Amino acid sequence: MTGRMTRPATIVTGSSRGIGAAIATEFARRGHRLTLVARSGEQLDATAAGLRALGAEAITVAVDLRQAAAVETVMERATAAFGPPDIIVSNAGTAPADKVERTTTAVLQATFDLHVAAPLAFARAAVAGFKERGRGCLMHLASTAGLRGYPFTSAYTAAKHGMVGLTRALHAELAPAGIDVYAVCPGFVDTEITRNAAAAVAARGKLSADEAFDRMAAQNEIGRMHLPAEVATAVAQLVEERPRGCVYALDRDEPGFVDEPPIADGRAT
Ligand SMILES: NC(=O)c1ccc[n+]([C@@H]2O[C@H](COP(=O)([O-])OP(=O)(O)OC[C@H]3O[C@@H](n4cnc5c(N)ncnc54)[C@H](OP(=O)(O)O)[C@@H]3O)[C@@H](O)[C@H]2O)c1
């Protein structure tokens, strides 16, 4: 993006709760005009009402992003409200966890549809406009599961690696056109996904939900859970400061890019 945008038109998927709602809130404070996306219209409306109370403009689009026409619907509604989007944050996600023996192709496919196919569809839909305007940003909420393996999460870990791979390819292709493409990789974050995972461990009977939660936190390199607001701040800073780089590891005492492909040097601006 050339310089700092005033009142960017921003789409945030998975923004009814958790990390996506925190990102939308951070952007609302920074003056973005927001399109919120998730399946549950009711939860989206509640989040949007909170953003409007902060003085932000926000619309909601309730769709299942695994459905073929969903991205098109979001782009149409967002563009009708605020003009072509400047920033698209692909954050919507689910985290299926199971033994490999029980991980079906259907689960793998559904996970890829959400974490890889939907971000690619947003890129496909937005890039012509980004190129015309010489700016734009695609932000992908990836994970340390996109950088290394975790047990009992073969579909999720494969999808997050897919998301990181997609980000690297888009960055290599689009950076020369002035388009920023980032993946942010937190470790475990204190949200519903993590609380549900802890409850699922507790249901198996060996640990309490609190113990399972603490064990997950201890797996983070920073030694504790990330908070959604911390992830949101990192996302907002990348979008505003547009540093050169692509895959941003957050679960570090000193967060930073884990690769900086040389193609970034060819960026137009
Ligand atoms: N929590 C963590 O420890 C952690 C760590 C690293 C990365 N992440 C990533 O961060 C992102 C957000 O996770 P979170 O922890 O904030 O999860 P969360 O609290 O469960 O929120 C997930 C969001 O995605 C939406 N969503 C889920 N499936 C969808 C679908 N098919 N179509 C449209 N929207 C959908 C949910 O709303 P509906 O259910 O109403 O659709 C909700 O708004 C995910 O991509 C996740 O993989 C999370």
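The values are calculated or read from the model by the stated rules, or taken from the named source; none is laboratory data. Here the structure is a predicted model, which means the values were calculated and not measured. With ideal geometry, Cβ positions are generated from the backbone for all residues, glycine too; neighbour counts draw on all protein chains shown.
Screening the candidates 128, 142, 158 for the property of being in contact with a helix residue (DSSP H, G or I) (Cβ under 9 Å, 6 or more places away or on another chain), more than 10 Å from the ligand (Cβ to nearest atom) and not β-branched (Val, Ile, Thr) yields one hit, 158. Return yes or no: is residue 47 at pLDDT 95 or above and crowded, with 21+ Cβ neighbours inside 10 Å? Judged against the criteria, residue 47 is a match.
Annotation note: Cβ proximity below 8 Å between a residue of the stretch 109-135 that is among the hydroxyl-bearing types (Ser, Thr, Tyr) and a residue that is modelled with pLDDT of 95 or more and part of a helix (DSSP H, G or I) (sequence gap 6+ or interchain) occurs for 111/155; 111/156; 111/158; 111/159. Beta carbons closer than 7 Å, at least 6 apart along the sequence or on distinct chains, pair a first residue in the stretch 224-240 that is more than 15 Å from the ligand (Cβ to nearest atom) with a second that is at pLDDT below 95 and of a type in the set (Lys, Arg) for 240/4.
Criterion applied to 80, 95, 56 was being surrounded by fewer than 23 Cβ atoms within 10 Å (Cβ to Cβ) and within 16 Å of the ligand (Cβ to nearest atom), and the one residue passing it is 95.
Enumerate the pairs (first residue in the stretch 183-204 and closer than 26 Å to residue 116 by Cβ and part of a helix (DSSP H, G or I); second residue anywhere and within 8 Å of the ligand (Cβ to nearest atom) and of a type in the set (Phe, Trp, Tyr)) with beta-carbon separation below 8 Å, excluding pairs fewer than 6 apart on the same chain, so at least 6 apart or on different chains. Going by the 8 Å Cβ cut-off, the qualifying pairs are 194/188.
When you check residue 172 against the structure, is it of a type in the set (Gly, Ala, Ser) and assigned by TED's automatic domain parsing to the domain that holds residue 19, yes or no? Yes; evaluated as a whole, the condition is true for this residue.
Return the only residue of 96, 85 being within 15 Å of residue 34 (Cβ to Cβ) and touching a residue at least 24 places away in the same chain (Cβ under 8 Å). Walk me through how you get there before you give the answer.
Values: 96 fails: within 15 Å of residue 34 (Cβ to Cβ).
Answer to the selection: 85.
For the stretch 4-12, indicate whether the set of residues that are surrounded by fewer than 24 Cβ atoms within 10 Å (Cβ to Cβ), away from the ligand (no atom under 11 Å from the Cβ) and without any contact (Cβ under 8 Å) to a residue 24 or more places away in the chain is non-empty. There is no residue in the stretch 4-12 that is surrounded by fewer than 24 Cβ atoms within 10 Å (Cβ to Cβ), away from the ligand (no atom under 11 Å from the Cβ) and without any contact (Cβ under 8 Å) to a residue 24 or more places away in the chain. Applying the selection to the stretch 6-63, what residues are within 23 Å of residue 195 (Cα to Cα) and polar (S, T, N, Q)? If the condition is that a residue be within 23 Å of residue 195 (Cα to Cα) and polar (S, T, N, Q), then 13, 15, 16, 25, 40, 43, 47 are the ones that fit. Between 31, 50, the distinction of being within 14 Å of the ligand (Cβ to nearest atom) and out of contact with any helix residue (DSSP H, G or I) (no Cβ under 6 Å at 6 or more places or on another chain) belongs to 50 only.
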